[in-house]
Each structure stands twice: as C-alpha cells, then as structure tokens.
Amino acid sequence: MQRHMVDAGLGTQALWAGEQGKMLERATQVPIVQSVSFGYDDLDQWLQVALSREPGHIYSRNTNPTVAALEEKVRILEGAEAATSMASGMAAISNTLFCLLRPGDRLVAIKDTYGGTNQLLREFLPHIGVRACLCDTTDYGQIEAEINQGCRILYLETPTNPTLKILDIKRLAGRAHRVGATVVTDNTFATPVNQHPLELGSDLVVHSLSKYMGGHADALGGIVCGHRELIQQIFHYREITGAALDPFAAYLLLRGIKTLALRIERQNENAMKVAEFLENHPAVAKVFYPGLRSHPQHEIASKQMKGGFGGMLSFVLRGGYAAVKQLLPKLKFAHRAANLGAVETIVGPPATTSHVEVSAADRAAMGIPEALVRYSSGIEDVKDLIADLAQALDQLVEA
Ligand SMILES: *Cc1c(COP(=O)(O)O)cnc(C)c1O
C-alpha cells in the first residue's frame, strides 16, 4: 500500500493516484490501451495470469491497463479497499444489486433515488423475486421499521435527485448492520470531495462517473468501491455480464478526474451563491439546496458533507410549468440537457431529466413539482450565472 498516496490530500490524489505504474515508452500520461486481448508467448505465464496468480491482463472485458488505472484512482479517492468499474452508472448499480441479491431477499431504499435506479428497483428486481420497499426519504420511522423487518441490502442516495433531500448515512447504516444488511450508497451528487460514505458506515459506494467525476460530459462510466470480498464478487459478475468500461472512456474519465477537487470547490461556491440569489427572487417559490439554512436537513448535511454541499440545486417557479417553459430558453449560459455535473451549467425539468422514466402521476406522488427546475452549476464566473438567471427571471415577472 502506498502510504504517501493514502496520506495525501484529495486534490493530490486526484492527480497522482493510479498513475504511478510504468507507462508505455516513459509517457507521463496513462496510455489508452485499445486492445481486446493481451498476448503471451510463454504458456505457463499465460496460465498464471489467467488464474490471477501473477499480475497482468488477458482480455479487456475482464481487465485492461487504462481501466485499471481509473479504478485505482477512484478507489483511493473513496478510501476503499477495492473498486471495479462499469460501462455506466446504471451498469454499476444494476450489476451490484443483481450480483448480491437472491430470490426471496428484501431491499430497503428510498422513493427519491435516481429515476433509472427507481425503475430498476420497481420493474426489474421483482423478476428475480426480490421485493424493494421504497420508503419516504425523510421518514426515519418508516425506513428503520422496514430495515428492522430484515433486509439484504439498504440502498441509499444522498443528496437526492432532484429535490436535494439529505439522508443520515451513519444513522441508517448502523441500523442496517444490526440486521446483517449490506449498505450501498450512490455518491454521484456529492463526489468524494464532499462526502465519504465508506467512513460513515456504508459498505459499498456507487458512482455514475458520467457526471462530476468525469466532469466534461464526454464519457459514460460507472464504478463500485468498497470491501474487497464484495468487490471481488461484483467484479466476477461483471466479467460475465460484460458491462465493462471501454478504455477510451476510461482515459477521458482519468483526465477529467485530475481537476475534480478544483471543479467541485468552484461548483460548491457557485451553487451556494446561486441558491441564495434564487431564494430572494420574487418569481421563485422555493429553493432546494442543502447549504441553505432553510433546508430541512441542513444540519445533517453540515455534519456529513465535509467539503461542501455540492453543485446541484433545484427551484420551483411561481408561474408553474408554463413559466419553466418560458424561462429555460432565455438562459444564455446553460445547456438544456438531461445530464448534470459538467463544467458548463446545465438546466432541465425533472420530466425530461432525472425522472424521464417515471410517469407524471408517479412524479406527483414522489413530491416532485412540475414547476421544478433542476440546476447543475458549472464552473463559470458566478456573477455571469446570477446575471443570466436575473435577466431570465425578471422577464417572467414582467410578463
Ligand atoms: C446519472 C446518474 C446515475 C446513472 O448513471 P449513468 O452513467 O447515466 O448510467 C445514477 N445515479 C445518479 C445519482 C445519477 O445522477
């Protein structure tokens, strides 16, 4: 174990972790090893590598040097024993759950998980005879009662998408461990700069690397980090399901992660200032941001989010969905798109972003207002973001 890397700050780890092996022809950057397989003249050596008795690579669906560098970087950032990557965030989540669950198992989760995750829990887990109990995200009585009935997995996500609710990971993980459950936390919104679920008691952390980790909206990827024995099982499952990350995507993600700490610090600051501005604007009915004192779980957020409160926020317009349709095209410094966590600001309503897989009736039942705007603050100069929102919102008030 490289002590100096473990002891280094997160900004240093983001640059150096996973990149200290021997590179091709003394390159200082991790090469893109765009090769399906790896050749061996010595059959004995080939066999030793195939049996994992010697380090090396056989076939890129299983392991690949570029992908391995990325896994090592994120492993260190999350402070995990092991990590295995996947083709996307949803691949990481689905492979983790299908690997660990058996017919008859129960899974306890919250209603506010990412739309794709919600669909996986409700539509596909029943196919393997697993019942998912989806609790009200802020009702600890209900969540703890469901955990106490026994469950194989407690699945958490905090802050949630798109209304930025905060779950107390430490409290719920403690409960889940009493009944022998494995705790899985989606850390996509917070990133390891702001929150370390493994330190708070989670057994596994999953990420969509497509968002903040990559940061440039140019590559899909996912990863799961945690205890070695669990990751070994999930890695083995993924070898067979084939949800492997492509080496080129791994290269883009490695490159993006180098600036993770800088980007997230800026995004934390920008989101906070934008949230404060919106909270005082007459066209805005409500702002959801865990950094605001008005946020109902601000105290828990302050305790468990060590770096900051993240770059995501959302707000409700007084003018309803009609106002959302008017507002979004007026913004000059924002993509109107389904993703989040990129260097550019991105906006969209839940109906076309986080909860596109969910029906309007279900969104209403989940407490997601149709007049909600999800706002992923980029790294622009915050004065420009605020001026842009001001000109667009002022036109609403005048109309
Ligand atoms: C985007 C996202 C996912 C899914 O990730 P993909 O890379 O798009 O498959 C999962 N969880 C959260 C919180 C997300 O924002």
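The values are calculated or read from the model by the stated rules, or taken from the named source; none is laboratory data. Everything numeric in this text was worked out from a predicted model, so none of it was measured. Backbone-built Cβ (ideal geometry, glycine too); neighbour counts: all protein chains shown. Just the protein is used for accessible areas: all its heavy atoms, side chains included, with ligands, DNA and RNA removed. Shrake-Rupley method; radii C 1.70, N 1.55, O 1.52, S 1.80 Å.
Tabulated values for the structure
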item	result
Convex hull (Cα only) mean projected area of the range 261-398, reported in nm² to one decimal	8.1 nm²
Calculated FRET efficiency for the pair LYS170/GLN391, C-beta based, R₀ 35 Å, to 0.05	0.25
With every protein chain in place, the chain: carbon and sulfur % of accessible area (1.4 Å)	54 percent
Percent antiparallel among DSSP beta bridges (both partners in the chain, rounded to 5)	60 percent
Rg in Å to one decimal, and Dmax rounded to a whole Å, for the range 8-89 via C-alpha atoms	14.1, 43
Charge context of ASP105, other residues only, Cβ under 9 angstrom, K/R +1, D/E -1	+4
The range 74-213 - Kirkwood radius from inverse mean 1/r over Cα pairs (Å)	14.9 Å
Along principal axes, Cα extents of the range 327-399, largest first, whole Å	36, 31, 16
Contact order normalised by residue count of the chain, Cα under 8 Å, 6+ apart, percent	17 percent
Length-normalised contact order of the range 286-399 in % [C-alpha pairs under 8 Å, at least 6 apart]	28 percent
Gain upon complete extension [GLN326, GLN119; 0.36 nm per residue less C-alpha separation]	71.5 nm
Pairs beyond 28 Å (Cα-Cα), from LYS303/LYS332; LYS111/LYS383; LYS111/LYS332; LYS303/LYS330; LYS273/LYS306	LYS303/LYS332; LYS111/LYS383; LYS111/LYS332; LYS303/LYS330
Helix axis angle, 65-78 relative to the chain longest principal axis, alpha carbon, degrees	50 degrees
Cβ-Cβ FRET estimate between HIS335 and ASP42, R0 fixed at 51 Å, reported to 0.05	0.50
Between helix 260-279 and the chain: long-axis angle, C-alpha atoms, 0 to 90°, nearest 10	20 degrees
Cα-based helix-to-principal-axis angle, 228-241 vs the chain, degrees rounded to 10	90 degrees
Modelled FRET efficiency - R0 22 Å, ILE58 with PHE248, Cβ distances, 0.05 increments	0.65
Percent of Cα-Cα distances greater than 28 Å, calculated over the chain	47 percent
Net charge contributed by nearby residues that have their C-beta within less than 10 Å of VAL382 (K/R +1, D/E -1)	-1
Cα centroid of the range 341-370 to Cα centroid of the range 244-299, whole Å	16 Å
